[in-house]
Structure formats: structure tokens, C-alpha cells
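Have a look at the structure below, then the notes.
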Protein chains: 2
Amino acid sequence: MRLEGMVANIFSGFAPDMAEEIFETLAESDSVRIERIVSSGQATADGSWYDQEHDEWVLLLAGSAGLQFEGEDEPRVLAEGDYLLIPARCRHRVAWTDQQRQTIWLAVHFRGAGVP
Amino acid sequence: MRLEGMVANIFSGFAPDMAEEIFETLAESDSVRIERIVSSGQATADGSWYDQEHDEWVLLLAGSAGLQFEGEDEPRVLAEGDYLLIPARCRHRVAWTDQQRQTIWLAVHFRGAGVP
């Protein structure tokens, strides 16, 4: 039995009153990285876009956020439990995150996604 | 903009009163598969073990479950938000899932995991 079997909780392990945004890798391999992001009202800087070489699957676990895709008029509003695939090279930015409570994201970064 | 950017919700899209266990692939590539599992009281058959060639990262999103590892006396009790890495070849079984409500799992199957 290796220690990798240890149980942790996605909703704990960070300060409830912190001001900064935190990024934590929970597991990874050559081809995938599973990350928790905790936002406290942060947004991507005005005029900046994420333009990634890999696919990213995102699940919003708590809070709320607006995810803007280039070429779309309005951000998509994400609530608890919402998920989507952000294909490689699909330019996007976080327009806003919840100002009232922390927003917890699960992000799975990987290569060569497809949707069944 | 491709349709992969469509938003869905992890807590919807299945019947609340169903009796069977459902497995649904949400996204996949050559090296990773992201799966939702909805259990309604199911368990792995007595004496049966999962013995996988790949690593599996599991997050319990709703309900509760007991996850038994071979060689351990008792199942690990998983509550909402609990996650763990099940390394390849680590024999395990689901001892029980919640009898009162549906248990929703997110499973990320991938090769060559490591823990940071």
C-alpha cells in the first residue's frame, strides 16, 4: 500500500479568508495534470487571454464565475457543478469570480481531448 | 469556437430515482478519460477486486461510500469533497455506497501518475 491512497478533501486545506488566488497540483503524470484553483474574487487581467497548447477540462465546485471566450459577446456564467471542455488554442479569460465567497475549480489539463 | 465549450452540470442529466449504476465518459484522449459515475447503493460484488493497469484519481462529489483496499482492515469512508489517488495495480473495491441518496463520483483515469 502506497501513501498515494491517502484521502484528502477538496474543500479544505486553505484559509477561508485569504486574499490571493491559489493553484495546487493534486496529481500529475507526463500527459495529465489535475489542479485545484481557489479564487477569491480574482479575474484575468483586462485584455489578457489564456491561449493554451493543451486541452483543459474544468469543473466549478463552489462559488461562481464568468468565463469569457474570444468572439462571444458575454461571459458564460458558471455555477456549482458546471463543467466544460476548453479546447487547446481556444482563447479565453476569467471575466470575474464570486466576490462573496471563494470559488473552487477543478482543472484537468491534458493533451488531445475528444468528446464522446 | 467549437461545441466542446458547451457547459453541462455534473449534478444533472440522470434520473433521481433510478436503480442502476451509471457510467458516463465526459471527456477523453489517448491517455486520459474523465468519467462520471452515479451509484444508487451499489457495491462491488463480494470477493471481487478492481485491479487496474492505470492510475485513477477519484473525487466524491455527493453521497458517501466505503472504499476498501486489499490488506486493510476497514474501508476508507469517503464524504463529499474527499479525493484520493488509486495507483495502478492497487487492488480495491467499493464496499458500499450511500443507501439514502445517490453517490456521484468523478474519476480521472490516466497513465503514469505521480504525486507532487
In region B:95-113, which residue that is surrounded by 13 or more Cβ atoms within 10 Å (Cβ to Cβ) and out of contact with any strand residue (DSSP E or B) (no Cβ under 6 Å at 6 or more places or on another chain) is nearest to the other protein chains (Cβ to nearest Cβ)? B:Gly112
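Given the criterion within 16 Å of A:Phe23 (Cβ to Cβ) and charged (D, E, K, R), identify the matching residue among A:Glu80, A:Glu70, A:Glu56.
Numbers: A:Glu80 fails: within 16 Å of A:Phe23 (Cβ to Cβ); A:Glu70 fails: within 16 Å of A:Phe23 (Cβ to Cβ).
Among A:Glu80, A:Glu70, A:Glu56, only A:Glu56 is within 16 Å of A:Phe23 (Cβ to Cβ) and charged (D, E, K, R).
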Those strands (runs of 3 or more DSSP E) completely within region B:6-116 that have 2 or more residues that are under 17 Å from A:Leu59 (Cβ atoms) are B:22-28, B:32-39, B:55-62, B:82-86, B:103-110
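For residues that are touching a residue at least 40 places away in the same chain (Cβ under 8 Å) and buried (at least 16 other Cβ atoms within 10 Å of the Cβ), tally how many sit in region B:82-94. Spell out how you get there, then give the answer.
Let us first name the residues in region B:82-94 that are touching a residue at least 40 places away in the same chain (Cβ under 8 Å), namely B:91-94.
Those left that are additionally buried (at least 16 other Cβ atoms within 10 Å of the Cβ): B:92-94.
Here the count works out to 3.
Run down A:Phe23, A:Phe11 and say which single residue is among the aromatic types (Phe, Trp, Tyr) and more than 10 Å from every other protein chain (Cβ to nearest Cβ). Write out each step before concluding.
Numbers: A:Phe11 fails: more than 10 Å from every other protein chain (Cβ to nearest Cβ).
Just a single option satisfies the conditions, and that option is A:Phe23.
May I ask you to verify whether A:Asp73 is facing chain B (nearest Cβ under 7 Å) and exposed (fewer than 15 other Cβ atoms within 10 Å of the Cβ)?
Details: facing chain B (nearest Cβ under 7 Å): no; exposed (fewer than 15 other Cβ atoms within 10 Å of the Cβ): yes.
In short, no.
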Inside region B:65-86, the number of residues satisfying the requirement of being under 26 Å from B:Ser29 (Cβ atoms) and over 14 Å from the mean Cα position of the chain (by Cα) is 0
So which of B:Arg111, B:Arg89 is within 21 Å of A:Asp30 (Cβ to Cβ) and in contact with a Ser or Thr (Cβ under 9 Å, 6 or more places away or on another chain)? B:Arg111
All but one of (1) more than 10 Å from chain B (Cβ to nearest Cβ); (2) out of contact with any strand residue (DSSP E or B) (no Cβ under 8 Å at 6 or more places or on another chain) hold for A:Ser64, so report the exception by its number. (2)
Name every residue in region A:28-50 that is in contact (Cβ under 8 Å) with a residue 24 or more places away in the chain and away from every other protein chain (no Cβ under 14 Å), in order of residue number. A:Ile37, A:Ser39, A:Ser40, A:Gly41, A:Gln42, A:Ala43, A:Thr44, A:Ser48
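No value in this document is a laboratory result; all are computed from the given coordinates. Since the structure is predicted, the reported quantities are computational estimates derived from the model, not experimental observations. Cβ sites come from the backbone with ideal geometry, for glycine too, and all protein chains shown count toward neighbours.
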